[in-house]
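The values are calculated or read from the model by the stated rules, or taken from the named source; none is laboratory data. All values reported here derive from a predicted model rather than from experimental measurement. Reconstructed Cβ throughout: ideal geometry from the backbone, glycine too, with neighbour counts over all protein chains shown. We work out accessible area using only protein heavy atoms, side chains counted, and drop any ligands, DNA or RNA first. Shrake-Rupley method; radii C 1.70, N 1.55, O 1.52, S 1.80 Å.
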Amino acid sequence: EKEYGVDPLSLAQGGNRSKGEGSGQSGQGLAGDWTAYRAEVITDFLRQLSSRLNALRPGIVRSAAVKPDYAEAYGTYGQDWPRWIREGLLDLVLPMAYSIKPDLVFSQIAGACREVGAKHVWAGLRAYDVPVSSILERAARIAPLAPGGYCFFSYDGVRDNPLFFERVKKSLFKP
């Protein structure tokens, strides 16, 4: 506390014992200020990167794999991904809905679709250490949400199964 003006124990417990100015600007004390600052630094970086990419290659699709739960994404990782879509810094997000529970995956992708619009969401689905039928079950469960696309993680989980993409295509893109 002497060196930095903050009591680390108090901060970890959600307290706000600080000698510094500006503490509590977010309305959530120093921890909230720190979370907002980190998210802003990442957003500023993304803003600069997006601008450079647009200058180098106009029309390039900008995307990011993000945590599907916005509160966790923002609070723990500084991912303010709804803002990134709203401000045009990204064209799409890929919520990493890696659970093997179809209802949880549906809930996560549905939340993302509500937050930024389905066309901006590519569902990130777990494709490692699970049978293809389980992957297809989760994909079919979210298909009515009409996400912009699907992303299967990881490539190692599908590359040795030559029928994987054929089965996905038949299951999700019926004529």
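For a protection proxy built on the mean count of beta-carbon atoms within 10 angstrom, sort 33-43, 64-74 highest first, please. Could you put the intermediate results ahead of the total?
Values: 33-43: 15.8, 64-74: 17.8.
Ranking the peptides 33-43, 64-74 by packing returns 64-74, 33-43.
Which length gain, in nm to one decimal place, applies between Leu53 and Asn161 when the Cα-Cα distance is subtracted from 0.36 nm times their residue separation?
Full-extension gain reported as 35.4 nm.
Report in % the part of the accessible area of region 21-163 that belongs to carbon and sulfur, leaving out ligands and nucleic acids; probe 1.4 Å.
On region 21-163, the fraction of accessible area on carbon and sulfur atoms equals 55 percent.
Points 7 angstrom from Cα along the Cβ direction at Leu172 and Ser134: gap in nanometres?
About 1.8 nm separates the two model spin labels.
Ranking request for peptides 153-166, 114-127: highest mean number of other beta-carbon atoms within 10 Å first, then the rest in descending order.
Highest-to-lowest ranking by the protection proxy: 114-127, 153-166.
When a/c is below 1.5 the answer is rounded, else prolate if a/b is larger than b/c, else oblate, so apply that to region 25-136 with a ≥ b ≥ c taken from the square roots of the Cα gyration tensor eigenvalues.
It is oblate, given that a/c is not under 1.5 and a/b is not larger than b/c.
Please list the non-local residues whose amide H lies under 5 Å from the amide H of Ala65, H modeled 1.01 Å from N, same-chain partners needing a gap of 5 or more.
Leu94
Given points 7 Å out from each Cα along the Cα-Cβ axis, report the Thr35 to Tyr77 separation in nanometres with one decimal.
Spacing of the two 7 Å Cα→Cβ label points: 1.6 nm.
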